[in-house]
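Undergrad: Got a structure for you, questions after.
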Amino acid sequence: MAASDAASTALTATSPHRGYLSVILLVLVPSALVALAMSTLYFVMLPAMPFLRDYYFEQQEQTYATYVVPLLGHIGAGTIALACGPVNLVNALRNGYTRTHRYVGAVYAVAVAISATCAIFMSFHAYPGIIPGGRLIVTSGFCTLGILWLGTLMMALRGILIRHDIVAHRFWIITNFSLTFAAVVIRAENGAIIAADQFDRLYPWLGWVSWVPCPIVGSLLARRVNRRRRGRVPV
Ligand code: HEM
């Protein structure tokens, strides 16, 4: 291979555009679809057509009617987090739009703080299914996720606002968004257990299975991004 070909192959392999495209296809599109679907369902369809409650997650109808503020606070703010997170990932990859990045980042941080606090509360009222220990399984899972969601946000904010450490900020905010992305994973898993007619038996396990892989993949990706971007101008 000629030297110029080798150089161009190496350049393509590490090109930010490839990362940019993968973020759009694998993260931005699914996140936007789930954010749109959930906000339409809870803020448009269910209020306009209350009879739908008899079909959609009817097991939690009474619970959701009782805890409407934390539930809608969680879903509304979660939707904003799911929509804002990928915008900033794309911005960061493009190495520009600093002011937009900060503005969108602030909205994301407030949204995660609200949604996670409501989620921790809702974890004590999540559907326990019909299996022994279902309450402990589902509550411990969602509660741990909520605490980690808040904890990684704190670490990301501490990294940039107090320590001015862009590497730490990048690591923790990518890990944090991987936890936000659990909202996408759970929709896919939920569809699978409904299709397999195992919803009442398997739902409590989603409290754990929906998110444990996310920070593992997220933190590995964060390390990789940090390795690649070492030496470049920070966002
Ligand atoms: C990542 C941290 C999150 C935690 C800890 C969490 C936790 C919870 C809990 C405990 C419930 C009640 C489940 C039940 O009734 O059985 C719930 C419901 C819900 N969450 Fe989250 N959640 C998170 C992220 C998100 C995000 C980012 C969204 C944005 C779309 C979201 C949307 C919803 C919706 C729509 C429901 C109602 C149940 C449904 O329709 O499936 N969640 N969440």
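Any read-out appearing in this document is the output of simple, stated calculations on the displayed coordinates, not a laboratory observation. Everything numeric here is computed off the predicted structure, so don't read it as measured data. Here the Cβ is made from the backbone with ideal geometry for all residues, glycine too, and neighbour counts use every protein chain on show.
Undergrad: Treat every Asp and Glu Cβ in the chain as -1 and every Lys and Arg Cβ as +1, leave all other atoms uncharged, and give the resulting dipole magnitude about the Cα centre to the nearest 20 debye. Intermediate values should be presented prior to the final figure.
TA: Working: 18 positive and 8 negative charges, 274 e Å.
It works out to roughly 1320 debye.
Undergrad: Have a look at Tyr127, Tyr108, Tyr56 and tell me which one the Gaussian network model of the chain (Cα, springs below 10 Å) gives the largest fluctuation.
TA: Between Tyr127, Tyr108, Tyr56, it is Tyr56 that shows the largest mean-square fluctuation.
Undergrad: Would you mind getting me the FRET efficiency between Gln198 and Phe124? Use the beta-carbon distance for r and R0 = 25 Å, nearest 0.05.
TA: Details: r = 24 Å, r/R0 = 0.96.
Plugging the Cβ-Cβ distance into 1/(1 + (r/R0)^6) gives 0.55.
Undergrad: Between Ile160, Ile186, Ile80, which gets the highest mean-square fluctuation from a Gaussian network model of the chain, Cα cutoff 10 Å?
TA: Ile160
Undergrad: Please find, in a Gaussian network model of the chain (springs between Cα atoms separated by less than 10 Å), the residue of Ser140, Ser178, Ser210 whose mean-square fluctuation is greatest.
TA: Of the options given, Ser140 has the highest mean-square fluctuation.
Undergrad: Report, in deg cm²/dmol and to the nearest 500, the calculated mean residue ellipticity at 222 nm for the chain, where each DSSP H run with n ≥ 4 adds -39500 (n - 2.57) and the sum is divided by the residue count.
TA: Details: 11 runs with 170 residues, N = 235.
Theoretical 222 nm ellipticity from helices: -24000 deg cm²/dmol.
Undergrad: Okay, next question. For the charge dipole of the chain, defined by +1 on Lys and Arg C-beta atoms and -1 on Asp and Glu C-beta atoms about the Cα centroid, which residue among Thr63, Gly73, Pro47 has the Cα displaced farthest towards the positive pole?
TA: Farthest towards the positive pole: Gly73.
Undergrad: Say the dipole of the chain comes from +1 at the beta carbon of Lys and Arg and -1 at that of Asp and Glu; which of Ala83, Pro204, Phe121 then lies farthest toward its positive end?
TA: Ala83
Undergrad: Show me the helices of the chain, taken as full DSSP H stretches, that run 20 Å or more along their long axis by Cα and average 0.5 or above in Kyte-Doolittle hydropathy.
TA: Within the chain the helices that satisfy the rule are 68-94, 98-123, 134-157, 166-180.
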